[in-house]
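So the structure is just underneath, and the comments pick up after that.
Please treat every number below as a calculation from the coordinates, not as lab data. Bear in mind the structure is a predicted one, so any value in this text is a computation, not a measurement. Positions of Cβ are backbone-derived with ideal geometry, glycine not excepted, and every protein chain shown enters the neighbour counts.
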Amino acid sequence: MHPFLTAFDDEDDVALAAPPAIEVIAPARLAGQRLDKALAVLLPQYSRTRIQQWIEAGAVRINGAVASARRTVLAGDRFEVTVLPAPQEMALRPEPLPLNIVDADETLVIIDKPPGLVVHPAAGHWSGTLANGLLAFDPSLARLPRVGIVHRLDAGTSGLMVVARTAAAQADLVRQLQARSVTREYWAIVYGRAAPAGTVDAPIGRDPRHPLRFMAGGGRGAREARTHWRLIDVAQVDGQAFSWLACRLETGRTHQIRVHLESVGLPLVGDPLYRRGRPPARGGSPWTAMSRQALHACRLALRHPQTGRTRAWFRAPPADLQALMTMLGFDGRRDVRAFE
């Protein structure tokens, strides 16, 4: 085991204090009210949504018994409400996760992120994120902004990420990203026959017609974005052409490769959002069985913040993308250097 890949030690985990409890008694004026409505009146400092979550979690007792959400209130009922922390208050807590750590030293950590792993806690994903796993791996990361994470991958995108372990390293890596000196190369499997090489130079902003999508060429808050690609191979299956592309980013906008490639008629196989004119993500053909976009961050190169030497890493795609590539006749195990 690498000297810095120590396992999470339960003895280092700080015991948490028991959450506080509030006791209130229902006045006659609330008799007949639904439980959540009555408690919202008695505990105006908490939202009704949060109170409903406590009821569902069994954190509300009436006269000593766990309350049912359908219970109506009687005059004189005695409530004991355990104040559970909101999800966002629990978000940045250590959670031991099976992180695939490629390299690590005192300055940085290189991670091969699996598909499906969310990077930062957010609505709908307050736990089980890469940030939670990093805090279990190295509790000192709690002292750094965003626990040392300097760039991210979409949940459905796999591949290499760098995480800083010191404030100086984080500042240095951010400067390298801003100077566009960090090499970030992705493999993408797309519908269509791509040209041997190409560049999409189009700003990316939020699509005003769809809350989850971004769009090329404009949109709300549009910012410059530039993606380069090189064609590695082409396959023809049942009359449908597929291209294996290597993509490099000059900028790092949300969904950049997905948005840019769709905008030039090369949407990614399996992409749930950017599928212009393509079949549903789960259709009858074998290549539509991908449950996420066929995109993998295969190569990362940067100047080490401490030594000043250029370091580079390569990782082949995970099993699901390998299976798709094999189905199409592509060899995803070899280190193809398309930009050299």
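Please report 130, 84 as a ranked list, fewest other C-beta atoms within 10 angstrom at the top and most at the bottom. Numbers along the way, then the final one.
Values: 130 24, 84 15.
If I rank by nearby Cβ atoms, fewest first, I get 84, 130.
Have a look at 336, 312, 45 and report the one farthest towards the positive end of the charge dipole of the chain, computed about the Cα centre with Cβ charges (Lys/Arg +1, Asp/Glu -1).
Value computed over the given set: 45.
May I ask you to compute the full-extension gain from residue 174 to residue 68, defined as 0.36 nm times their residue separation minus their alpha-carbon distance, rounded to one decimal in nm? Show your work: numbers first, answer last.
Values: separation 106, 0.36 × 106 = 38.16 nm, distance 5.05 nm.
Stretched out fully, the residue 174 to residue 68 stretch lengthens by 33.1 nm.
To make sure I understand, if each residue's beta carbon is the centre and we count other beta carbons within 10 Å, what order do 233, 238 fall in, fewest to most?
Numbers: 233 16, 238 7.
With the sparsest Cβ surroundings first, the list reads 238, 233.
In whole Hz, what ³J(HN,Hα) sequence does the stretch 323-340 give by Karplus (6.51, -1.76, 1.60; θ = phi - 60°), x for Gly and Pro?
4, 4, 5, 4, 4, 8, x, 9, 9, x, 8, 8, 7, 8, 10, 6, 9, 10
Which of the peptides 313-323, 55-65 is most tightly packed, and how do the rest follow, judged by the mean count of other Cβ atoms within 10 Å per residue? Intermediate values should be presented prior to the final figure.
Working: 313-323: 17.6, 55-65: 14.1.
In decreasing order of mean packing, 313-323, 55-65 become 313-323, 55-65.
In the chain, if the dipole is taken from +1 on Lys/Arg beta carbons and -1 on Asp/Glu beta carbons about the Cα centre, which of 100, 246, 54 is farthest to the positive end?
246
Report the local net charge at residue 79: Lys and Arg +1, Asp and Glu -1, summed over other residues whose C-beta lies under 9 Å from its C-beta. Walk me through the intermediate numbers first.
On the way: positive: 61, 78; negative: 23, 77, 80.
Around residue 79, the surrounding residues sum to -1.
Can you compute the helix-only [θ] at 222 nm over the chain? Use -39500 (n - 2.57) per DSSP H run of at least 4 residues, normalise by all residues, nearest 500 deg cm²/dmol. Spell out each step's value before the answer.
Values: 7 runs with 58 residues, N = 340.
Taking each H run of at least 4 residues, the total per residue is -4500 deg cm²/dmol.
Hey, rough spin-label estimate for residue 323 and residue 241, points 7 angstrom out along Cα→Cβ, what's it come to in nanometres?
It is 2.8 nm.
Which whole-Hz ³J(HN,Hα) couplings does the stretch 232-241 yield from phi under the Karplus relation 6.51 cos²θ - 1.76 cosθ + 1.60, θ = phi - 60°, glycine and proline marked x?
Calculated HN-Hα couplings, in order: 9, 6, 10, 10, 10, 10, 6, x, 10, 8 Hz.
Enumerate the amide H contacts of residue 233 below 5 Å, restricted to partners 5 or more residues apart or on another chain; note that Pro and chain-start residues carry no placed amide H.
Placed amide hydrogens put 244 under 5 Å from residue 233.
Can you list the residues, at least 5 places off or on another chain, whose amide H is less than 5 Å from the amide H of residue 113, using H built in the peptide plane?
HN-HN under 5 Å from residue 113: 159, 160, 161.
Any idea what the alpha-carbon Rg over 2.2 N^0.38 Å comes to for the stretch 87-179?
Details: Rg = 12.4 Å, N = 93, 2.2 N^0.38 = 12.3 Å.
Output field value: 1.00.
In a shell of Cβ-Cβ distance under 15 Å around residue 210, excluding residue 210 itself, what net charge do Lys and Arg (+1) and Asp and Glu (-1) give?
On the way: positive: 206, 209, 213, 220, 258, 275, 276; negative: 207, 262, 271.
Its environment carries a net charge of +4.
How large is ³J(HN,Hα) for each residue in the stretch 211-222, as worked out from phi by the Karplus curve 6.51 cos²θ - 1.76 cosθ + 1.60 (θ = phi - 60°), to whole Hz, x for Gly and Pro?
x, 9, 9, 10, 9, 8, x, x, x, 5, x, 4
Please compute the alpha carbon radius of gyration of the stretch 180-340, then divide it by the globular-protein estimate 2.2 N^0.38 Å. Two decimals is fine. Provide the component values of the computation, followed by the final result.
Values: Rg = 15.9 Å, N = 161, 2.2 N^0.38 = 15.2 Å.
Cα Rg divided by the expected 2.2 N^0.38 Å: 1.05.
Hey, how many Å between the Cα centroid of the stretch 306-340 and the Cα centroid of the stretch 174-253?
The stretch 306-340 and the stretch 174-253 have Cα centres spaced 17 Å from each other.
Please report 153, 177 as a ranked list, fewest other C-beta atoms within 10 angstrom at the top and most at the bottom. Mind showing how you got there, number by number?
Working: 153 22, 177 18.
So the ranking, lowest neighbour count to highest, is 177, 153.
Starting from the Kirkwood Rh over alpha-carbon pairs, what translational D in µm² s⁻¹ does the chain have by Stokes-Einstein at 37 °C and 0.692 mPa s?
Working: Rh = 23.0 Å.
The calculation lands on 142 µm²/s.
For the stretch 21-84, list log₁₀ I(q)/I(0) at each q in 0.13, 0.29 Å⁻¹, using the Debye formula over Cα point scatterers of equal strength and ignoring solvent, two decimals each.
Log-scaled intensity ratios, in q order: -0.26, -1.54.
About the Cα centre, and with charges only on the beta carbon of Lys, Arg (+1) and Asp, Glu (-1), how big is the dipole of the chain? Nearest 20 debye, please. Spell out each step's value before the answer.
Numbers: 42 positive and 32 negative charges, 283 e Å.
Roughly 1360 debye, rounded to the nearest 20.
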